[in-house]
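Asks: Got a structure for you, written out below as structure tokens; questions coming shortly.
The values are calculated or read from the model by the stated rules, or taken from the named source; none is laboratory data. Owing to the predicted nature of the structure, the values given are computational and were not obtained by experimental measurement. Cβ placement follows ideal geometry from the backbone for every residue including glycine, while neighbour counts extend to all protein chains displayed. Surface areas here come from the heavy atoms of the whole protein model, side chains and all, with no ligands, DNA or RNA. Shrake-Rupley method; radii C 1.70, N 1.55, O 1.52, S 1.80 Å.
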Amino acid sequence: MLDAAFRFRETEAWKMLDDSNIFAVRLSNGQNVYCTIMGNGGEHYSLGIISIWVKLCFCSP
């Protein structure tokens, strides 16, 4: 896993994507997971992965 983390760091994907870009990845078992790249603001760098699609609603009062 450490090797994968170093490869992720080398891609610098946060320079092209931000946390508003969500994409799906199909795993070898057929399950879809949803991912987002964080770090465009320069504070931290990470890959968020969730296994269920969650619809977020931001409503103004």
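Asks: For the stretch 10-20, how many residues are within 15 Å of residue 41 (Cα to Cα), of a type outside the set (A, V, I, L, M) and open to solvent by 70 Å² or more (accessible area, probe 1.4 Å)?
Replies: From the stretch 10-20, those within 15 Å of residue 41 (Cα to Cα) are 12-20; that's our starting set.
Narrowing further to those that are of a type outside the set (A, V, I, L, M): 12, 14-15, 18-20.
Now drop any that are not open to solvent by 70 Å² or more (accessible area, probe 1.4 Å), which leaves 12, 15, 19-20.
Here the count works out to 4.
Asks: Residue check, residue 51 against (1) at pLDDT below 90; (2) of a type in the set (S, T, N, Q); (3) surrounded by 10 or more Cβ atoms within 10 Å (Cβ to Cβ), all met but one. Which one?
Replies: (3)
Asks: Let me ask you something else. Do you know which residues across the stretch 25-40 are open to solvent by 50 Å² or more (accessible area, probe 1.4 Å), within 17 Å of residue 8 (Cα to Cα) and assigned to a loop (DSSP other than H, G, I, E, B)?
Replies: 40, the sole residue that qualifies.
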